[in-house]
Structure formats: structure tokens, C-alpha cells
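**Student:** Dropping a structure here in C-alpha cells format, bear with me for questions.
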Amino acid sequence: MKNEVRFALLSAALAACTLPGLAQSAATSSQGSATASAPVAQGSASASGNGQVTGQTIQDRKENQQDRIANGIKSGELTAGETANLESKESKLNQEEGDMRKLDDGKLTAADKATLNQQQNQLSKQIYQDKHNAATQNTDPKSEVGQREENQQDRIAQGIKSGQLGPGEAAHLEKNEANINNEVRNDRAANGGKLTASEKAQVNRQQNHESRQIHQAKHSTRH
């Protein structure tokens, strides 16, 4: 009889010790399940494979596009002609934004923001496509003329990245560069892949003029 009483008391004590552990385990399991099912907070912006960005302000969006263009110039993924076209479109978007703000006391309506964001999405796709097509700019030229072209591109890319060059200024400069590049290609095609001494001198004069324009644009107050 005493043994039966002693056994009952030991069973009750074991049960008292086990129940809190089970309760804690159940609570932990429940908490882990809730954590796993809870939505993960997202950052202020997310980017898709083709460069589209969501969750950014209009200004953030413009800066992001400019950075992508500058990186494309630096890497050679964007030619001068492609860059001129992209920057021209970016400049028009900025002008459109300015006109919208004038109509609403310096502010943008929800409809304005939606329109601008949609247009930036389209431009973003074009930036991606241009950076991944077959057209590239040589970033390691061996000729003196090619090295001069590469140096100008680097200076323009740096100006875009730093904000010293606005889209309109960059578009104008890159259009000039594209014209010079086309002239060099045509001259080479007409002379078995080479440039004559007079052609090199002509290109150098044009690049000197372009160099001064880059300097002036980067140090002006219009951006």
C-alpha cells in the first residue's frame, strides 16, 4: 500500500515538471509558425531583371535611370548614339514633369505621378535593351583616335553620375560624339580601315571642341 502511494506521488511530480516544458514547446512552435507566415517587410525600392524599379519617388527614379546610363557608358554597353537617344527622352520627361508642376503650384498629382512612372518604366526597358544588344562602344581602343573617344565618354559618364551633366546636356554631347564616331567609321571604310593624317587632324580638332563643351557643361549652373 505504501509503495502504491509512493508511486502515485512520483507520477504527480513528474507530470508537474513535464507540463511547463510542453507548454513552452507549444508556444515556441506557434510563434515560429506565425513568424514564417508573416509577410516580410520590403525596402523602399525593388528592381526587376530589366531595371524597372518600384517604390521610389519620382526624383529617385530619375537618379536611378541616370546612374544606369552612366554605368552603361562606362562599361561600353551603351554607344554614344544610344546614350544620346536615351538622354533626349529623359530630358523630355523632365520637361513634362516641370510643366505638370507649373499647373499645380509646384506639386504633382497622383495622376501625374502615375503617368511619369509609366513613362520611366518604358525608358527603363529601353535602357535594359540597349545595354544588352549587340551594339557596344570599345572601352580598350589601341589607336590614338579611339583612346580620345573613350576619354570623352568617360568624362561624360562621370558628369552624368555626379549630376554635373543634366539629361539635355548629356544628350547634346553624346550626339556630337556619335557624329564624330560615324565620321571616323566612314573615313576608315573609305581608306581600308585606316585614317589619313589630315583625317586624324580633323577628328582631333572636333574632339578638342567637344572637350571644351564637356568642360563648360559640367561647370555650368544648368542641370
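Only the coordinates and a few stated rules stand behind these numbers; no lab work does. Fair warning: this is a prediction, and the values are worked out from it, not measured in the lab. With ideal geometry, Cβ positions are generated from the backbone for all residues, glycine too; neighbour counts draw on all protein chains shown.
**Student:** Going through the cross-link list Lys62/Lys89; Lys62/Lys92; Lys74/Lys194; Lys102/Lys125, which pairs have a Cα-Cα distance over 19 Å in this structure?
**Tutor:** Lys74/Lys194; Lys102/Lys125
**Student:** Rank-order 181-190, 133-142 by packing density, defined as the average count of other C-beta atoms within 10 Å over each peptide's residues, highest first.
**Tutor:** Final packing ranking: 181-190, 133-142.
**Student:** Next question. With unit charges on the beta carbon (Lys/Arg positive, Asp/Glu negative), name the residue among Gly76, Gly159, Gln95 whose Cα is farthest towards the positive pole of the charge dipole of region 55-218.
**Tutor:** Gly76
**Student:** How far, in nm, would the chain grow between Gln122 and Lys142 when pulled straight, counting 0.36 nm per residue and subtracting the alpha carbon separation?
**Tutor:** Using 0.36 nm per residue and subtracting the Cα-Cα distance, I get 3.6 nm.
**Student:** Moving on. Label points 7 Å out from Cα along the Cβ direction at Gln59 and Glu150: separation in nm?
**Tutor:** Going from the Gln59 label point to the Glu150 one covers 3.7 nm.
**Student:** Quick one: Cα centre-to-centre distance for region 114-148 and region 170-199, in angstrom?
**Tutor:** When both Cα centres are located, 19 Å separates them.
**Student:** Here's a follow-up. Multiply the residue separation of Glu96 and Gln158 by 0.36 nm, subtract the distance between their alpha-carbon atoms, and state the gained length in nm to one decimal.
**Tutor:** Contour length minus the Cα-Cα distance gives 19.8 nm.
**Student:** Moving to a separate point now. So how much slack lies between Ala114 and Ser220, counting 0.36 nm per residue of separation and subtracting their Cα-Cα distance, in nm?
**Tutor:** Answer, rounded to one decimal: 35.0 nm.
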